1. Looking at (1) part of a loop (DSSP other than H, G, I, E, B); (2) within 9 Å of the ligand (Cβ to nearest atom), which one does PHE55 not meet, given that it meets all the others?
2. What residue, among those in region 67-111 that are part of a loop (DSSP other than H, G, I, E, B) and hydroxyl-bearing (Ser, Thr, Tyr), is farthest from GLN122 (Cα to Cα)?
3. When only residues in region 108-130 that are under 23 Å from THR54 (Cβ atoms) and either near the ligand (Cβ under 9 Å from one of its atoms) or at pLDDT below 95 (or both) count, which is least open to solvent (accessible area, probe 1.4 Å)?
4. Here is a check on your reading of the model: is LYS47 surrounded by 13 or more Cβ atoms within 10 Å (Cβ to Cβ), more than 13 Å from the ligand (Cβ to nearest atom) and of a type in the set (D, E, K, R)?
Amino acid sequence: MSIRNTLIALSLLLSASAWAGDDSLYRELGEKAGIARLMNDFSGRLKRDERIGTFFKETNPKALAEQLTDQVCVLSGGPCKYEGATMKNSHADLGIAKKDFNILVEVLQQSMDDASIPFTTQNRLLALLAPMHRDIVTR
Ligand code: HEM
């Protein structure tokens, strides 16, 4: 097999195993209750953050935490359903810059540090969130 075909076979295998219900990240994050606790803390911090808090001044932190909880639950392989808006639609008119996105990631890291989530687990979640910048950052 050529290297190219080997790589294709390997990536099919890896995506198949993710698709086949790998919920290890979901479990590492403490399942639904752990994720909900993390997202409650995170949405409160976002509102209080002096750099990006203004984006969230009209936001109900509890409602945002619920959407984030479902979203992260699904992303991490958990048995949830995300019924909120797409990332593109919900952020289209906000004028979010790359710098704002990076600050939000930093705030999430603070929440995860405070919840004593291991560094490798933190990075697994961040790796799933990072590509979303394409739909969220508009300026
Ligand atoms: C990976 C990064 C991000 C994720 C996963 C994310 C996720 C979400 C979700 C799930 C919602 C709720 C959508 C709904 O209610 O239907 C939302 C709304 C929102 N997001 Fe983000 N977001 C991200 C980045 C950002 C950034 C960088 C900002 C601004 C600095 C931001 C500002 C907002 C605001 C202002 C809302 C509206 C909240 C409201 O309805 O009052 N988001 N986001």
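The values are calculated or read from the model by the stated rules, or taken from the named source; none is laboratory data. Quick caveat, the model's predicted, so the values are computed rather than measured. No Cβ is skipped: glycine too gets one built from the backbone with ideal geometry, and neighbour counts run over all protein chains shown. Note: accessible area is taken over every heavy atom of the protein model, side chains too, but ligands, DNA and RNA are not part of it. Shrake-Rupley method; radii C 1.70, N 1.55, O 1.52, S 1.80 Å.
1. Unmet for PHE55, out of (1) part of a loop (DSSP other than H, G, I, E, B); (2) within 9 Å of the ligand (Cβ to nearest atom): (1).
2. THR86
3. In this case the residue turns out to be LEU108.
4. no
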